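J.: I'd like to ask you about the structure that follows.
The values are calculated or read from the model by the stated rules, or taken from the named source; none is laboratory data. If you're wondering where the values come from, they're calculated on a predicted model, not measured in any experiment. Glycine gets a Cβ as well: all are built from the backbone with ideal geometry, and neighbour counts include every protein chain shown.
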Amino acid sequence: MKKILVIHGPNLNLLGKREPEVYGKITLKKINEALAKEAKKEKVEVKFFQSAHEGEIVDAIGKAGDWADAIVINPAAYTHTSVAIRDALLAIDIPTVEVHLSNIYKREEFRHKSLIAPAAAGQISGFGLNSYILGLDAAVALLKNK
Ligand code: DQA
């Protein structure tokens, strides 16, 4: 069975309470539950990791190769700042899908630039919970085509 690691960046643990007008009312727990259900349907194994700390995310990506065949990542604010996360993804050569709940191109200009995008196979942005589900499906498709 193929294995997919889902990584959530900073402040995503606060979903539900955090800026509901932007991110909706869904909690991270509900997102992970929906992903676990989708993973079961697609017959893949899924694991979740959330951290507010850039270095911890870099470490998790560095170790991902021990377990994961693909990564789905919402780097949150680090999307726009983290050379370290981009380099970690480039270093491991595991197919990666970048996801965002909100449409980052409809928001403040500083969110329009993703430093992560060049290290990802593709990006899904703006569909709320569905960004994650579509992201998981995209990762599954990438693994099938491998
Ligand atoms: C986000 C978008 C980022 O700009 C923001 O910093 C987040 C969440 C999203 O899922 O829409 O924390 O990645």
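J.: Would you confirm, using the coordinates I've provided, whether Leu101 is closer than 15 Å to Lys3 by Cα, buried (at least 21 other Cβ atoms within 10 Å of the Cβ) and in contact (Cβ under 8 Å) with a residue 60 or more places away in the chain? Walk me through it before giving the result.
T.: Details: closer than 15 Å to Lys3 by Cα: no; buried (at least 21 other Cβ atoms within 10 Å of the Cβ): yes; in contact (Cβ under 8 Å) with a residue 60 or more places away in the chain: yes.
Here the answer is no, as Leu101 does not meet what is asked.
J.: Assess whether Ala34 counts as being surrounded by fewer than 18 Cβ atoms within 10 Å (Cβ to Cβ), within 16 Å of the ligand (Cβ to nearest atom) and not in a loop (DSSP other than H, G, I, E, B). Outline the logic, then answer.
T.: Numbers: surrounded by fewer than 18 Cβ atoms within 10 Å (Cβ to Cβ): yes; within 16 Å of the ligand (Cβ to nearest atom): yes; not in a loop (DSSP other than H, G, I, E, B): yes.
When the stated conditions are applied, Ala34 passes them.
J.: Please identify the pairs in which a residue from the range 109-129 that is over 14 Å from Asp93 (Cα atoms) and touching a residue at least 24 places away in the same chain (Cβ under 8 Å) has its Cβ atom under 7 Å from the Cβ atom of a residue that is part of a loop (DSSP other than H, G, I, E, B) and hydroxyl-bearing (Ser, Thr, Tyr), counting only partners at least 6 apart or on another chain.
T.: Between residues of the range 109-129 that are over 14 Å from Asp93 (Cα atoms) and touching a residue at least 24 places away in the same chain (Cβ under 8 Å) and residues that are part of a loop (DSSP other than H, G, I, E, B) and hydroxyl-bearing (Ser, Thr, Tyr), the close pairs are Leu115/Thr81; Leu115/Ser82; Gln123/Ser114; Gly126/Ser102.
J.: How many residues are without any contact (Cβ under 8 Å) to a residue 24 or more places away in the chain and within 12 Å of Ile94 (Cβ to Cβ) if we restrict to the range 47-71?
T.: Residues meeting the conditions: 2.
J.: Being in a helix (DSSP H, G or I), among the aliphatic types (A, V, I, L, M) and surrounded by fewer than 16 Cβ atoms within 10 Å (Cβ to Cβ) is the filter here, so list the residues in the range 1-23 that pass it.
T.: As a first pass, look at the range 1-23 and keep what is in a helix (DSSP H, G or I): 12-14, 20-23.
Filter again for among the aliphatic types (A, V, I, L, M), leaving 12, 14, 22.
Across the range 1-23, the qualifying residues are Leu14, Val22.
J.: In the range 46-146, which strands (runs of 3 or more DSSP E) lie fully inside it and hold 2 or more residues that are of a type in the set (A, V, I, L, M), closer than 15 Å to Leu12 by Cα and within 11 Å of the ligand (Cβ to nearest atom)?
T.: On the way: elements: 70-74, 96-100, 122-125.
Where strands (runs of 3 or more DSSP E) fall fully within the range 46-146, none carries at least 2 residues being of a type in the set (A, V, I, L, M), closer than 15 Å to Leu12 by Cα and within 11 Å of the ligand (Cβ to nearest atom).
J.: While we're on this one: Does Ile26 satisfy being assigned to a loop (DSSP other than H, G, I, E, B) and either surrounded by fewer than 20 Cβ atoms within 10 Å (Cβ to Cβ) or touching a residue at least 12 places away in the same chain (Cβ under 8 Å) (or both)?
T.: Numbers: assigned to a loop (DSSP other than H, G, I, E, B): yes; either surrounded by fewer than 20 Cβ atoms within 10 Å (Cβ to Cβ) or touching a residue at least 12 places away in the same chain (Cβ under 8 Å) (or both): yes.
The answer is yes for Ile26.
Yes/no per residue for (1) of a type outside the set (Lys, Arg); (2) at pLDDT below 95; (3) touching a helix residue (DSSP H, G or I) at 6+ places or on another chain (Cβ under 8 Å); (4) surrounded by 14 or more Cβ atoms within 10 Å (Cβ to Cβ):
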| site | (1), (2), (3), (4) |
| --- | --- |
| Ala68 | yes, no, no, yes |
| Asn74 | yes, no, yes, yes |
| Thr79 | yes, no, yes, yes |
| Ser82 | yes, no, yes, yes |
| Arg86 | no, no, yes, yes |
| Ala119 | yes, no, yes, yes |
| Asn130 | yes, no, no, yes |
| Asp137 | yes, no, yes, yes |
| Leu142 | yes, no, no, yes |
